[in-house]
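A quick write-up on the structure given underneath.
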Amino acid sequence: MKNIFAATFMILTLVGFSQTKDQKASALLEEVSNKTKAYKSIKVDFSYTMVNAKARINEEKTGTLWLSGDKYRMTAAGQTVICDGKTIWTYLKESNEVQVNSLDNKDDALTPSKLLTSYNSNYKSKIIKDKNADPAIESVELIPNTSKNFNKAILGIDKAKKQIKSFILFDKSGNTFTYKIKTFVTDSPVTNADFTFDAAKFPGVEVIDMR
């Protein structure tokens, strides 16, 4: 289920201030960023759907994501990905193995400091209207200015809370990733141990150091 993690990080890095004539969209995204940056920690429970009609793929999963500054911990589909800001551990439950990698800050989709909070000029944003949508939710379309492995994303933002409630990612392979935020909890107590992998808690685990 590697696609779950790749798509999740990709879409979370999309939330950004963008060069666009739609000032309303820019202002809303900036409000979301400023509010998110003020939290000491964030815990998100989400549902995930990946659909590719041509390949007859329709997957449904759930997951949990913890964020605290540059650190994160995400669990979904039998995998747990942990990052302390420098090292990434990917634990595979089925094979009881953990892969260890150094964080590559050049990888735009996997930079923890950009999750939910990073704003850049790589996307054009605009407010889009859907007569069937919840009136409490504002939909913002993001289209990359430069070539990416996705065509566009649509964010659903709670107008009152200034929080992301859903997002849809359309990639160039014909996949549609849909995420819905089920719970959004802020400022829960966290420690550094929450964002490191402790092999002692996984008897017999195989450690594959790829650094």
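In this structure, Leu28 does not qualify as within 26 Å of Gly156 (Cβ to Cβ), of a type outside the set (Phe, Trp, Tyr), free of Cβ contacts under 8 Å to residues at least 60 places away in the same chain and not in a loop (DSSP other than H, G, I, E, B). Evaluate region 19-37: report whether one residue or more is closer than 20 Å to Val207 by Cβ and at pLDDT below 55. No: zero hits. Does region 132-145 contain at least one residue that is under 19 Å from the mean Cα position of the chain (by Cα) and among the charged types (D, E, K, R)? For region 132-145, residues under 19 Å from the mean Cα position of the chain (by Cα) and among the charged types (D, E, K, R): present. The residue that is nearest to Asp45 (Cα to Cα), among those in region 153-204 that are in contact with a strand residue (DSSP E or B) (Cβ under 7 Å, 6 or more places away or on another chain) and hydroxyl-bearing (Ser, Thr, Tyr), is Thr183.
Residues that are of a type in the set (S, T, N, Q) and in a strand (DSSP E or B) within region 127-160 comprise Ser139, Asn151, listed in sequence order.
Taking the criterion of being of a type in the set (Lys, Arg), without any contact (Cβ under 8 Å) to a residue 60 or more places away in the chain and either touching a Ser or Thr at 6+ places or on another chain (Cβ under 7 Å) or outside any loop (DSSP other than H, G, I, E, B) (or both), the residues of region 161-205 that qualify are Lys165, Lys201. Scanning region 142-195 for residues that are surrounded by fewer than 17 Cβ atoms within 10 Å (Cβ to Cβ) and acidic (Asp, Glu) returns Asp187, Asp194. Please verify whether Ile208 is surrounded by 14 or more Cβ atoms within 10 Å (Cβ to Cβ), assigned to a strand (DSSP E or B) and not small (Gly, Ala, Ser), treating the condition exactly as stated. In short, no.
The values are calculated or read from the model by the stated rules, or taken from the named source; none is laboratory data. Computed from a prediction, not measured in an experiment: that's the story for all the values here. We place every Cβ from the backbone using ideal geometry, glycine too, and count neighbours over all the protein chains shown.
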